[in-house]
Amino acid sequence: MGDLTGRTALVTGASRGIGQTTAARLAADGAAVIVHYGTDAEGAAATVAAIERAGGSAVAVRARLGAEDDVETLFAGVEAYLAGRPLDIVVNNAAAPPAGGMGVTTREEFDRLFAVNVRAPYFIVERALHLLADGGRIITISSVATRMANPSQTSFAMTKGAVETMSRTLANELGARGITVNAVAPGATRTPANAPVFDAPGLADLITASTALDRLGGPEDVADVVAFLASDEARWVTGQVLDASGGLFLGPRV
């Protein structure tokens, strides 16, 4: 377990799922965590309460990503909490889910995907840079959809490909400050929020049969990878996309 004592982390979309588990993991490693949420105030409060019960420090900040004032709203809360202290870790986790394939996704859905999944992370990083300490960490959640040809996720995969490119470019730009920039690409990850999807007959078995490690992922599988990238142990890793899918669709299993 890495030591993040004295550091502060911002985790977007931390009211449930991977974001919630990541916030709890970073707090367990010693970080004070800013728990961002868009609409799920109850979930964000639960995240904060769980962290505090475990002896950690956290605060919830609301901002509806994709809105015109999303970043300024978010950072008004972030800066109020920091009170002049630096920000050390930014985890861009919040994302709009796949909206369907070409011919199914509407223009409005397409625009929202890019507003939430691309525009928001880009401008969150831009806004965070003057707060981010040298030696800081920027971690964005991508998806294995970028390396798979899934026609039902074309527009979604495009957004995740964009943030992977952003991460590589920023890694080169910010390296002189000791800031590492990486992405984590989960695969099929079962959370309380999406559990009904995996309850569809045969789906979990189909995915498991296509996964090298022979099971569905859980949010802790992704959160642990994020925690590694946030730690000092990952100081020499930057500009990378770490696959956290258990080996989903690596090839035939015989």
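The values are calculated or read from the model by the stated rules, or taken from the named source; none is laboratory data. Keep in mind that what you see is a predicted model, and the values were worked out from it rather than measured. In this analysis, Cβ positions are derived from the backbone assuming ideal geometry, glycine residues included, and neighbour counts consider all displayed protein chains.
Please list, ordered by residue number, the helices (runs of 4 or more DSSP H) wholly in the range 1-105 having 2 or more residues that are farther than 24 Å from residue 174 by Cα and either over 17 Å from the mean Cα position of the chain (by Cα) or of a type in the set (Asp, Glu) (or both).
41-53, 70-82
Need pairs with beta-carbon distance below 9 Å; first residue at pLDDT 95 or above and within the range 2-21, second of a type in the set (Val, Ile, Thr) and assigned to a loop (DSSP other than H, G, I, E, B); sequence gap 6+ or separate chains.
15/39; 16/191; 17/191; 18/191; 19/12; 20/191; 21/191
Being free of Cβ contacts under 8 Å to residues at least 24 places away in the same chain and not small (Gly, Ala, Ser) is the filter here, so list the residues in the range 167-200 that pass it.
Correct list: 169, 173, 196, 197, 198, 199.
Mind checking whether some residue in the range 201-218 is in contact (Cβ under 8 Å) with a residue 12 or more places away in the chain, over 11 Å from residue 248 (Cβ atoms) and in contact with a strand residue (DSSP E or B) (Cβ under 9 Å, 6 or more places away or on another chain)?
Looking through the range 201-218, at least one residue is in contact (Cβ under 8 Å) with a residue 12 or more places away in the chain, over 11 Å from residue 248 (Cβ atoms) and in contact with a strand residue (DSSP E or B) (Cβ under 9 Å, 6 or more places away or on another chain).
Return yes or no: is residue 191 in contact with a helix residue (DSSP H, G or I) (Cβ under 8 Å, 6 or more places away or on another chain), at pLDDT 95 or above and closer than 30 Å to residue 46 by Cα?
Judged against the criteria, residue 191 is not a match.
What about residue 227, is it under 20 Å from residue 96 (Cβ atoms) and either at pLDDT 95 or above or touching an Asp or Glu at 6+ places or on another chain (Cβ under 9 Å) (or both)? Don't jump to the end; show me each part of the working.
Working: under 20 Å from residue 96 (Cβ atoms): no; either at pLDDT 95 or above or touching an Asp or Glu at 6+ places or on another chain (Cβ under 9 Å) (or both): yes.
Here the answer is no, as residue 227 does not meet what is asked.
For the range 98-110, state whether one or more residues are touching a helix residue (DSSP H, G or I) at 6+ places or on another chain (Cβ under 8 Å), under 26 Å from residue 227 (Cα atoms) and touching a residue at least 12 places away in the same chain (Cβ under 8 Å).
Checking the range 98-110: at least one residue is touching a helix residue (DSSP H, G or I) at 6+ places or on another chain (Cβ under 8 Å), under 26 Å from residue 227 (Cα atoms) and touching a residue at least 12 places away in the same chain (Cβ under 8 Å).
I need the full set of residues from the range 171-184 which are crowded, with 16+ Cβ neighbours inside 10 Å and more than 16 Å from residue 117 (Cβ to Cβ), in order please.
171, 174, 179, 180, 181, 182
Among the numbered conditions (1) touching a Ser or Thr at 6+ places or on another chain (Cβ under 6 Å); (2) surrounded by fewer than 21 Cβ atoms within 10 Å (Cβ to Cβ); (3) more than 26 Å from residue 86 (Cβ to Cβ), tell me where residue 148 comes up short.
(1)
Identify all residues within the range 28-75 that are without any contact (Cβ under 8 Å) to a residue 60 or more places away in the chain and among the charged types (D, E, K, R); write none if there are none.
Matches in the range 28-75: 40, 42, 52, 53, 62, 64, 68, 69, 70, 72.
Limited to the range 208-240, what total is found for residues that are in a helix (DSSP H, G or I), out of contact with any helix residue (DSSP H, G or I) (no Cβ under 8 Å at 6 or more places or on another chain) and buried (at least 19 other Cβ atoms within 10 Å of the Cβ)?
3
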